[in-house]
Each structure stands twice: as C-alpha cells, then as structure tokens.
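The values are calculated or read from the model by the stated rules, or taken from the named source; none is laboratory data. The shown structure was predicted, so the numbers you read here are calculated from the model rather than taken from an experiment. Here the Cβ positions follow ideal geometry from the backbone for every residue, glycine too, while neighbour counts run over all protein chains shown.
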Amino acid sequence: MKRKNSDHHLVYGTLKDYLTGEELPDTDDERFRQELARMMVEEKGFTREELEPRLSVETLFNHIFVRSIIDLTVSCNGQRLFVLRYGPGSLVTREKSARAAARVLDSASSIPLAVVTNGRDAELLETQSGKVLATGMEAIPNQAQAAELIKEYPALPPLTGPERERNLRVLNAFDLEVCCRNFGLGLF
C-alpha cells in the first residue's frame, strides 16, 4: 500500500475504528490506539459502552489553540475511572498532561486515575498526587480490577478557578505539536 505523508505522520490510507466503526487515518500511532481499544475489550473485559474514544479538551492560552485528545476514557459502574493516553517514547514525559486531562475532562468531577502507555509499557497514576500505582502493560486495569479500584478511588470534586486553569495550561503546553513549526531558526 502506498504511503503518503500528511503533515508529519505517514498515512497508509484509512482504517475502521474498533469501537465505533468510524473511518480514521491509518497511521502507525492510530494502529497502536486501535490495538489498545481491542485489548481493553477482548483481554481486559470492558464492554464497548464502557470505553469512550477520542474525547477532547480545548484550550486557548497566549493565542495558542490546542485540542488535547484523550485516547480512551474508561468507565466502571457508570463512573469515569481512568483516562488512557497513548504516545510513543518516554512515559514520564506524558504523566503530567495525562493527570491534567483526567482532572479537567469531566465538568462534573475529576477522574481519579490515568494510564500512560507507549504500547509496550504503561503506568497507572493517581491523578491527585501523581503517584505511580503500577507499571508495565499489566498496570492497565481489567474490568474486575476496575470494579475494585472504583471503591478505593471514587470520583473527585471538579476543579474550579485557578486550579482548573493551571491544569488547562498544562494541557495547552504539553499537547502543543511543535515538530512541524518553523520558529525562525532556519532548521526546518
């Protein structure tokens, strides 16, 4: 299949979203995201209804608009329990933005847990403190583990005022794609 370059991602064509059937650009990153969705249903035991793909948070600071995509938001017993964010490379560089996304995504409450993964490794984080609760792909909770975690980590009150704004700023700064921008350095 012919590869074409779209911005900075190689696009192989299109693929169907595992959860929704929606047609999406077929990129290496999207293939990992689809495998994660498949794993959540077929191996981890979640229903498709418990998984919300591609929710987003939009921010605008210093005239810079950023749309932060949350790859999966996972619910258990009708409550959002954790967000799952995928990105290639180091997990530690994704912790802060994943925590911020979980804390501001839902206007009714802060989501108590977040998972960051690069498709080969993962971390389960407590969003309020940032504590890493588990590591490795097995750190991604299955449905039975989620039912236990929801007892220990109930929904938190929603962030408001300056605390909410700080978390929105974190998303704006960390999720800004800068790989293709020319900052006048003569490098691109």
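Annotations
- For segment 30-59, a residue qualifies if it is acidic (Asp, Glu) and in contact with a Gly (Cβ under 8 Å, 6 or more places away or on another chain), and exactly one does: Glu35.
- Residue within segment 71-79 that is farther than 15 Å from Leu19 by Cβ, more than 16 Å from the chain's Cα centre (by Cα) and not in a loop (DSSP other than H, G, I, E, B) present: yes
- All positions within segment 80-126 that are modelled with pLDDT under 95, outside any loop (DSSP other than H, G, I, E, B) and surrounded by fewer than 20 Cβ atoms within 10 Å (Cβ to Cβ): Val92, Thr93
- Within segment 42-62, residues that are touching a residue at least 12 places away in the same chain (Cβ under 8 Å) reach partners that are outside any strand (DSSP E or B) and of a type in the set (Lys, Arg) with beta carbons closer than 7 Å, at six or more positions or on different chains, in the pairs Phe61/Arg169.
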